[in-house]
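The values are calculated or read from the model by the stated rules, or taken from the named source; none is laboratory data. Quick caveat: nothing in here was measured; it's all calculated off a predicted structure. Glycine gets a Cβ as well: all are built from the backbone with ideal geometry, and neighbour counts include every protein chain shown. Keep in mind that these areas ignore ligands, DNA and RNA; they rest on the heavy atoms of the full protein, side chains included. Shrake-Rupley method; radii C 1.70, N 1.55, O 1.52, S 1.80 Å.
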Amino acid sequence: MSATLLAEQRAAAESIFELLNAKEFDKAVELFSDSPDFRMHFAPASLHAFGIGKPEGMTKAEETENLKKSQMLFKDFGYQKPLTTIQETDKIFIHIKTDGKLVTDEPYKVESMLLITFEPGTAKILTVTEMLDSLWWSDTMKKMAALAEAGQA
């Protein structure tokens, strides 16, 4: 694999975070493959019970809608610079933190690990598997559900 393609893949993976910080969701998903094999996975699977992802993964259209809807949870949101990036042919692993505030005024400071794969020989993202802090998310989603039930969210 050429150094140029490796650089293009790394730039695509890292630019997703910048685009999401800028709420440029449509531009972010342009980095995703148009292949019917594109999938966004959230792990661990226990989070699916809280409406975070689904077992078979989300399609490009589903992830586009998910990105837009998820912003209702936040007053402020931002990814920080990746803490760790490990890259090899058509794959990149990123360890990243977020900084922000939920609509409940609680801080949004979580870590994620993402494994991103590319269509072979391109900079188009074919799959993303995001491993989330399941304890934090399950607690937060329970709080958000309680607020919604009380008509406060």
**OP:** For every helix of n ≥ 4 consecutive DSSP H residues, a contribution of -39,500 (n - 2.57) applies; sum these over the chain, divide by its total residues, and give [θ] at 222 nm rounded to the nearest 500 deg cm²/dmol.
**Re:** -10500 deg cm²/dmol
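Where does the chain land on the Kirkwood hydrodynamic radius, alpha-carbon pairs, in angstrom? Please report the intermediate quantities before stating the final value.
Values: mean 1/r = 0.0619 Å⁻¹.
Value: 16.1 Å, from the Cα pair sum.
If you place +1 on the Cβ of every Lys and Arg and -1 on the Cβ of every Asp and Glu, how big does the dipole about the Cα centre of the chain come out, in debye to the nearest 20?
On the way: 17 positive and 24 negative charges, 58 e Å.
Around 280 debye, computed over the chain.
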**OP:** Over the alpha-carbon set of the range 21-101, divide Rg by the Kirkwood Rh and report the Rg/Rh ratio to two decimals.
**Re:** 0.96
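If the limit is 29 Å between Cα atoms, which of K91/K142; K27/K54; K68/K124 go over it?
Numbers: K91/K142 34 Å; K27/K54 23 Å; K68/K124 21 Å.
From K91/K142; K27/K54; K68/K124, over 29 Å: K91/K142.
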**OP:** Could you tell me, in Å, what Rg and Dmax come out for the Cα atoms of the range 1-42?
**Re:** 11.6, 32
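Could you work out what % of the accessible surface of the range 20-153 is carbon and sulfur, using a 1.4 angstrom probe and leaving DNA, RNA and ligands out of the count? Provide the component values of the computation, followed by the final result.
On the way: 4010 of 7260 Å².
Summing carbon and sulfur atoms, their accessible area is 55 percent of the total for the range 20-153.
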Subject >> For V103, residues with placed amide H under 5 Å, excluding near neighbours >> reply: F74, K75
**OP:** Report P(r) for the range 62-107: all Cα-Cα distances, bin width 10 Å, range 0 to the bin holding the largest distance, values in whole percent.
**Re:** 23, 35, 34, 8, 0
Subject >> Accessible area of the chain divided out per residue, in Å², using a probe of 1.4 angstrom >> reply: 54
Original post:
Got a sec to turn the phi values of the range 115-127 into Karplus ³J(HN,Hα) couplings, 6.51 cos²θ - 1.76 cosθ + 1.60 with θ = phi - 60°, whole Hz, x for Gly and Pro?
Top reply: 10, 10, 10, 10, 4, x, x, 9, 9, 8, 6, 9, 9
